[in-house]
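Asker: Sharing a structure below in structure tokens format, with a few things to ask.
The values are calculated or read from the model by the stated rules, or taken from the named source; none is laboratory data. Just so it is clear, the structure is predicted and the values come from calculations on it, not from any experiment. Cβ placement follows ideal geometry from the backbone for every residue including glycine, while neighbour counts extend to all protein chains displayed.
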Amino acid sequence: MAAEILCVGTELLLGNITNGNARWLAEQLASLGIPHHRQTVVGDNRQRLIEAVQAASQRCRVLITTGGLGPTPDDLTTEALAAAFSTPLQERPELWADIQAKLSGRGRPIAASNRRQALLPQGAEVLPNPTGTAAGMIWSPRPGFTILTFPGVPSEMRAMWRATAAPWLRDQGLAPGVFASRMLRFWGVGESNLAEQLGDLLEQSNPTVAPYAGAGEVKLRLTACAATTDAAEALLAPLEAQIRARTGDACFGADDDALAAVVLARLRARGQTLAVAESCTGGGLGAALAAVPGASDVWLGGVIAYANVVKQRLLGVPALLIEQHGAVSDPVAQAMAEGARRATGADWALAITGVAGPGGGSDAKPVGLVHIAVAGPDGCSSEGVRFSPSRGRAWIQTLSSGEALNRLRLRLA
């Protein structure tokens, strides 16, 4: 029987927060090779939670819950689980001692309500929380059915999963074999085109290849199963090499390689620096670079030149150039890039100017038209690109930043 995920919290039902925990847990189950066929979200309602748990117990082997383990009255998960199987709650002295020690160590008052977090159903094992006060549990209220509970705080849940839950699932034989995964990342190629290039590989059963599309980026998850980790990794290596050979420069990295990080690494290897000049992205390109640890030794800075007067004063873009070609044009993008190089002394510069919408477009320069310039020691080039306006302003801005980085990456190859 498969596993299920049950997320608890009215804030999830109302859309106040994104349910990232379910996504992360789904990925972890997939990496362990545990079938997972259903996800459920229930608000902070005791009866509905009881009904959801009882229904899941008839369908799955393992139920994983997140949320509802705090000390407040609306944290009902543990109580509802015990009630669902008519099991009394018991205070665990070791949990209460751990809660008091953590709160005291942080200089926080210990409220009477915190003691609720030391209660678990009779017979449940503690699923330790190394950082927070909300411990989880591993409990089998009936043969063939086990519940694993986690707090809703993502960092706590992930730490508990890695330290205790994943090893427990393997020890129980619920994770057949050992799985290894690799995520290859692509820019400049569509999901359908990539699928055509790799059609025969997508039909394999071990290793498997699964495509995922995002904001301008396409990912391929490679997954292999074998008796050992080394054996699984050995299955992935030739597949990755084959994919890279077929796709060429479109593959910019793997796993956690962000496009900005790849570009900065190439510049660092050359001993060169970068500056940016942005109009329609309003700092988004700079933010992507600044998100990379250690970026400051390569990325010198940039100018957000939204108004034409700022383009002229700070970047030295001639007013006549803007008058003749318009702010959204190749000549202006090139002048912006060269101006950023002069202003900062950087070896390379990227410039972006465009119409992000939703208004401001024209027949000649519609919403979604963006001009991107790359200036470097070997010269400056600019080319326009049209992004679909239907996805909105933020989408155009994100793709513009990514496209600029990718163009520089290709120049640095």
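Asker: Would you pick out the residues in segment 56-69 that are assigned to a loop (DSSP other than H, G, I, E, B) and touching a helix residue (DSSP H, G or I) at 6+ places or on another chain (Cβ under 7 Å)?
Answerer: Scanning segment 56-69 gives Gly67, Gly68, Leu69.
Asker: Also: Would a scan of segment 95-113 turn up a residue that is under 26 Å from Leu25 (Cβ atoms) and of a type in the set (S, T, N, Q)? Don't jump to the end; show me each part of the working.
Answerer: As a first pass, look at segment 95-113 and keep what is under 26 Å from Leu25 (Cβ atoms): 95, 98-99, 102.
Remaining after also requiring of a type in the set (S, T, N, Q): none.
Looking through segment 95-113, none of the residues is under 26 Å from Leu25 (Cβ atoms) and of a type in the set (S, T, N, Q).
Asker: Another question, if that's okay. Taking the condition more than 26 Å from Arg23 (Cα to Cα), outside the structural domain of Leu148 (by TED's automatic domain parsing) and without any contact (Cβ under 8 Å) to a residue 40 or more places away in the chain, does Glu191 pass?
Answerer: Values: more than 26 Å from Arg23 (Cα to Cα): no; outside the structural domain of Leu148 (by TED's automatic domain parsing): yes; without any contact (Cβ under 8 Å) to a residue 40 or more places away in the chain: yes.
Here the answer is no, as Glu191 does not meet what is asked.
Asker: Right, here's the next one. Out of all the residues in segment 308-331, is one or more small (Gly, Ala, Ser), within 29 Å of Ala261 (Cβ to Cβ) and either in contact with a strand residue (DSSP E or B) (Cβ under 7 Å, 6 or more places away or on another chain) or at pLDDT 95 or above (or both)? Give the derivation first.
Answerer: Our first condition is that a residue be small (Gly, Ala, Ser); within segment 308-331, this holds for 316, 319, 326-327, 329.
From what's left, within 29 Å of Ala261 (Cβ to Cβ): none.
No - not one qualifying residue is present in segment 308-331.
Asker: Of the residues Thr273, Thr228, Thr247, which is at pLDDT below 95, of a type in the set (S, T, N, Q) and on the phi < 0 side of the Ramachandran plot?
Answerer: Details: Thr273 fails: at pLDDT below 95; Thr247 fails: at pLDDT below 95.
One residue alone meets the criteria, Thr228.
Asker: Determine whether Gly152 is assigned by TED's automatic domain parsing to the domain that holds Ala83, within 17 Å of Gly70 (Cβ to Cβ) and not charged (D, E, K, R).
Answerer: Spelling it out, Gly152 is indeed assigned by TED's automatic domain parsing to the domain that holds Ala83, within 17 Å of Gly70 (Cβ to Cβ) and not charged (D, E, K, R).
For every residue, the table says whether it meets (1) farther than 29 Å from Arg170 by Cα; (2) under 24 Å from the mean Cα position of the chain (by Cα); (3) aromatic (Phe, Trp, Tyr).
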site: Leu12; (1), (2), (3): yes, yes, no
site: Asn45; (1), (2), (3): yes, no, no
site: Gln90; (1), (2), (3): no, no, no
site: Ser113; (1), (2), (3): yes, no, no
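Asker: Okay, next question. Right, Leu236: under 30 Å from Val298 (Cβ atoms), at pLDDT 95 or above and not acidic (Asp, Glu) or not?
Answerer: Details: under 30 Å from Val298 (Cβ atoms): no; at pLDDT 95 or above: yes; not acidic (Asp, Glu): yes.
When the stated conditions are applied, Leu236 does not pass them.
Asker: Residue under question is Gly132, and the condition is that it be part of a loop (DSSP other than H, G, I, E, B), assigned by TED's automatic domain parsing to the domain that holds Glu27, free of Cβ contacts under 8 Å to residues at least 40 places away in the same chain and more than 23 Å from Gly9 (Cα to Cα); does it hold? Lay out the reasoning, then the answer.
Answerer: Numbers: part of a loop (DSSP other than H, G, I, E, B): yes; assigned by TED's automatic domain parsing to the domain that holds Glu27: yes; free of Cβ contacts under 8 Å to residues at least 40 places away in the same chain: yes; more than 23 Å from Gly9 (Cα to Cα): no.
Here the answer is no, as Gly132 does not meet what is asked.
Asker: How about segment 227-340: which strands (runs of 3 or more DSSP E) wholly inside it have at least 1 residues that are surrounded by fewer than 20 Cβ atoms within 10 Å (Cβ to Cβ) and either in the same structural domain as Leu184 (by TED's automatic domain parsing) or in contact (Cβ under 8 Å) with a residue 40 or more places away in the chain (or both)?
Answerer: Values: elements: 251-254, 274-278, 299-304.
Where strands (runs of 3 or more DSSP E) fall fully within segment 227-340 and carry at least 1 residues being surrounded by fewer than 20 Cβ atoms within 10 Å (Cβ to Cβ) and either in the same structural domain as Leu184 (by TED's automatic domain parsing) or in contact (Cβ under 8 Å) with a residue 40 or more places away in the chain (or both), they are 251-254, 299-304.
Asker: Would you mind finding the one in Thr66, Thr40 that is closer than 30 Å to Leu220 by Cβ and surrounded by fewer than 21 Cβ atoms within 10 Å (Cβ to Cβ)? Walk me through it before giving the result.
Answerer: On the way: Thr66 fails: surrounded by fewer than 21 Cβ atoms within 10 Å (Cβ to Cβ).
Checking each option against the conditions leaves just Thr40.
Asker: Among the residues of segment 81-117, which ones are touching a residue at least 24 places away in the same chain (Cβ under 8 Å) and among the polar types (S, T, N, Q)? I'd like the intermediate steps shown before the answer.
Answerer: Taking segment 81-117 first, the residues touching a residue at least 24 places away in the same chain (Cβ under 8 Å) are 81-85, 87-95, 98-99, 102-103, 111, 113-117.
Of everything in segment 81-117, those that are touching a residue at least 24 places away in the same chain (Cβ under 8 Å) and among the polar types (S, T, N, Q) turn out to be Thr87, Gln90, Ser113, Asn114, Gln117.
Asker: What pairs can you find where one residue is in segment 40-60 and in the same structural domain as Ser86 (by TED's automatic domain parsing), the other is surrounded by 16 or more Cβ atoms within 10 Å (Cβ to Cβ) and aromatic (Phe, Trp, Tyr), and their Cβ atoms are less than 7 Å apart, with a gap of 6+ or different chains?
Answerer: Ser57/Phe145
Residue by residue, here is whether (1) modelled with pLDDT under 95; (2) under 27 Å from the mean Cα position of the chain (by Cα); (3) not in a helix (DSSP H, G or I); (4) not small (Gly, Ala, Ser) holds:
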| residue | (1), (2), (3), (4) |
| --- | --- |
| Gly123 | no, no, yes, no |
| Val126 | no, no, yes, yes |
| Ser155 | no, yes, no, no |
| Phe179 | yes, yes, yes, yes |
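Asker: Quick check: is even one residue across segment 86-100 among the charged types (D, E, K, R) and farther than 19 Å from Met160 by Cα? Don't jump to the end; show me each part of the working.
Answerer: Residues of segment 86-100 that are among the charged types (D, E, K, R), as a first pass: 91-92, 94, 98.
Narrowing the set further to residues that are farther than 19 Å from Met160 by Cα leaves 91.
So far as segment 86-100 goes, yes, one or more of its residues are among the charged types (D, E, K, R) and farther than 19 Å from Met160 by Cα.
Asker: Right, something else. Go through segment 23-55 and report how many residues are closer than 14 Å to Gly9 by Cβ, part of a helix (DSSP H, G or I) and touching a strand residue (DSSP E or B) at 6+ places or on another chain (Cβ under 8 Å).
Answerer: Going residue by residue through segment 23-55, those that are closer than 14 Å to Gly9 by Cβ are 39-46, 48-49, 52.
Still in the running and part of a helix (DSSP H, G or I): 46, 48-49, 52.
The next check asks that each one be touching a strand residue (DSSP E or B) at 6+ places or on another chain (Cβ under 8 Å); those that pass are 48-49, 52.
Residues flagged as closer than 14 Å to Gly9 by Cβ, part of a helix (DSSP H, G or I) and touching a strand residue (DSSP E or B) at 6+ places or on another chain (Cβ under 8 Å) within segment 23-55 amount to 3.
Asker: Moving on to the next point. Among the candidates Thr146, Thr164, Thr78, which residue alone is in a helix (DSSP H, G or I), assigned by TED's automatic domain parsing to the domain that holds Val53, touching a residue at least 60 places away in the same chain (Cβ under 8 Å) and of a type in the set (Val, Ile, Thr)?
Answerer: On the way: Thr146 fails: in a helix (DSSP H, G or I); Thr164 fails: touching a residue at least 60 places away in the same chain (Cβ under 8 Å).
Of Thr146, Thr164, Thr78, the one residue that is in a helix (DSSP H, G or I), assigned by TED's automatic domain parsing to the domain that holds Val53, touching a residue at least 60 places away in the same chain (Cβ under 8 Å) and of a type in the set (Val, Ile, Thr) is Thr78.
Asker: I've got another one for you. Do you know which residues across segment 12-34 are surrounded by 14 or more Cβ atoms within 10 Å (Cβ to Cβ) and either at pLDDT below 95 or not assigned by TED's automatic domain parsing to the domain that holds Leu76 (or both)? Break it down into steps so the answer makes sense when it comes.
Answerer: Initially, segment 12-34 is screened for residues surrounded by 14 or more Cβ atoms within 10 Å (Cβ to Cβ), giving 12-13, 19, 21-22, 24-26, 28-34.
Residues satisfying the conditions are Leu13, Ala26, Gln28, Leu29, Ala30, Ser31, Leu32, Gly33, Ile34.
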